Amino acid sequence: MVKENNYRGHSDSVDQLCWHPTNPDLFVTASGDKTIRIWDVRTTKCVATVNTKGENINICWSPDGQTIAVGNKDDVVTFIDAKTHRSRAEEQFKFEVNEISWNNDNDMFFLTNGNGCINILSYPDLKPIQSINAHPSNCICIKFDPTGKYFATGSADALVSLWDVEELVCVRCFSRLDWPVRTLSFSHDGKMLASASEDHFIDIAEVETGEKLWEVQCDSPTFTVAWHPKRPLLAYACDDKEGKYDSNREAGTVKLFGLPNDS
């Protein structure tokens, strides 16, 4: 766990990062500077800068690696060809768009919105398929499990709901958090689901039963969690500005849970 490189180029906050689904050398970043940038870790340079219309806040890469979707603060989602770096399509939504994601089969596109709904569009023609009233309040995050069987959503109502991809029905809810659910991640085998919020712990649940497996204690709110793609190892980043670090600078601390000495 040593820092390899800094990737400089954006002129405003970098709000989200997404790795290429199959190429471990490429990742893309979304920024408030109205661009997205594709980076290559082998050269540590920016491969491409794509100008967009608004301040970008969320981004995802299609499972086939051919398309990048980026959402901005004006609730516009732009679909960009990952090879030509040109816009393929653009959709303006009349509601607050939060997280965006393709399903694993690459034929549906999902959005969580401020009305507590999950909106599902066909892909690539982007025709509305269904709108699910998933939560009574703002639906914040969405993640698909690696097996393609389930997806999970997290909401401002502090609930995480697990959905069957084929049936589009809610299978179970996880209710151990007390604050809006900010971030979710499935383990590499799809058996565990980590969820976090402003609660000072991360909940790790068994997907098939909903039972609590672990509770990872934190000193501050957690912004993001991510399981290792091959091992039961969880990375997470907290808001450490109020903690033991110098509050005048960005702490940028990433922590790990699941190492041999973790009980």
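The values are calculated or read from the model by the stated rules, or taken from the named source; none is laboratory data. Values in this document were obtained by computation on a predicted structure and should not be read as measured data. All Cβ positions, even for glycine, are placed from backbone atoms using ideal geometry, and neighbour counts span all protein chains on display. Heads up: the accessible areas ignore ligands, DNA and RNA and are worked out on the full protein's heavy atoms, side chains in. Shrake-Rupley method; radii C 1.70, N 1.55, O 1.52, S 1.80 Å.
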_Test for Pro136: is it open to solvent by 50 Å² or more (accessible area, probe 1.4 Å) and touching an Asp or Glu at 6+ places or on another chain (Cβ under 9 Å)_ = yes
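Looking only at region 196-224, which residues are part of a strand (DSSP E or B), of a type outside the set (S, T, N, Q) and open to solvent by less than 10 Å² (accessible area, probe 1.4 Å)?
Of everything in region 196-224, those that are part of a strand (DSSP E or B), of a type outside the set (S, T, N, Q) and open to solvent by less than 10 Å² (accessible area, probe 1.4 Å) turn out to be Ala196, Ile202, Asp203, Ile204, Ala205, Val216.
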*asked:* Being at pLDDT below 95, farther than 24 Å from Leu234 by Cβ and either surrounded by 15 or more Cβ atoms within 10 Å (Cβ to Cβ) or under 17 Å from the mean Cα position of the chain (by Cα) (or both) is the requirement here; does Ser13 meet it?
replied: yes
*Could you please find all residues in region 94-144 being under 18 Å from the mean Cα position of the chain (by Cα), in a loop (DSSP other than H, G, I, E, B) and closer than 17 Å to Ser62 by Cβ?*
Asn103, Asn104, Asp105, Asn106
*Report, by residue number, each residue of region 105-153 that is touching a Lys or Arg at 6+ places or on another chain (Cβ under 9 Å) and closer than 21 Å to Ala89 by Cβ.*
Leu121, Pro124
*Taking region 131-158, which residues are hydrophobic (A, V, I, L, M, F, W, C), more than 20 Å from Trp227 (Cα to Cα) and touching a strand residue (DSSP E or B) at 6+ places or on another chain (Cβ under 9 Å)?*
Ile132, Ala134, Cys139, Ala156
*asked:* So, Asp33, is that one among the charged types (D, E, K, R) and surrounded by 13 or more Cβ atoms within 10 Å (Cβ to Cβ) or not?
replied: yes
